[in-house]
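Q: One structure, as structure tokens, below. Some questions next.
The values are calculated or read from the model by the stated rules, or taken from the named source; none is laboratory data. Computed from a prediction, not measured in an experiment: that's the story for all the values here. When we count neighbours, we look across all protein chains shown, and the Cβ atoms used for this are built from the backbone with ideal geometry, even at glycine.
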Amino acid sequence: MKKLLFILMVGSLFAQDIDTSGMSEVEKQMLFKQNDKSILLTYLLSINIPTAGHAWNGDWVRGFKPNVLPVGFLVSLGVAGYIEETYSFYNTKANIVQVIAVLTGISSIASWYLMQIQDAVYLAKTHNASLYKQIYGRDYPIQPKKSVVQKMIDKKEAKKSKPE
């Protein structure tokens, strides 16, 4: 029994290709449903805890990577704090600039948050499309649209591979 368990565990580590030639349609559907990533669960995880949707999809680092937008938030808060310390509280121009800096920071965090949600859902859809192709041998009926984050990654990789 221990040998069989060991063989199954080691075999599952290297079982990347799925042989579905002898399976019926019902068995293929069951296999797909057992291994697909729930879009709804990914969405709910991403909304409640930033980067949790990425963790559910097995790519937590992608969701955690520092982004320009949260850095913009921190810079705008620093500007707002500097204005408050430097200028008098009664200076209306300083207050307006401070409010604009805080609103810029909040909008940058909100943009980053929405992009993370969209990217986590994109990763789940991509996983499902890849799984569908492995099981059925044809493309998924609805191909996932690239997320903003994926487009940025593709653009960055294209610049790296571009010969100069």
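Q: Find the residue count for the range 91-127, including only residues that are of a type outside the set (G, A, S) and either touching a Lys or Arg at 6+ places or on another chain (Cβ under 6 Å) or assigned to a loop (DSSP other than H, G, I, E, B) (or both).
A: Selection size over the range 91-127: 2.
Q: Yes or no: the range 21-44 includes at least one residue that is assigned to a helix (DSSP H, G or I), exposed (fewer than 12 other Cβ atoms within 10 Å of the Cβ), of a type in the set (V, I, T) and modelled with pLDDT under 75.
A: The answer is no, given that none of the residues of the range 21-44 is assigned to a helix (DSSP H, G or I), exposed (fewer than 12 other Cβ atoms within 10 Å of the Cβ), of a type in the set (V, I, T) and modelled with pLDDT under 75.
Q: Can you find a residue that is hydrophobic (A, V, I, L, M, F, W, C), modelled with pLDDT of 70 or more, surrounded by 16 or more Cβ atoms within 10 Å (Cβ to Cβ) and under 14 Å from the mean Cα position of the chain (by Cα) anywhere in the range 55-75?
A: The answer is yes; a qualifying residue exists.
Q: May I ask you to list the residues in the range 119-146 that are of a type in the set (S, T, N, Q) and buried (at least 18 other Cβ atoms within 10 Å of the Cβ)?
A: Selection gives T126, N128.
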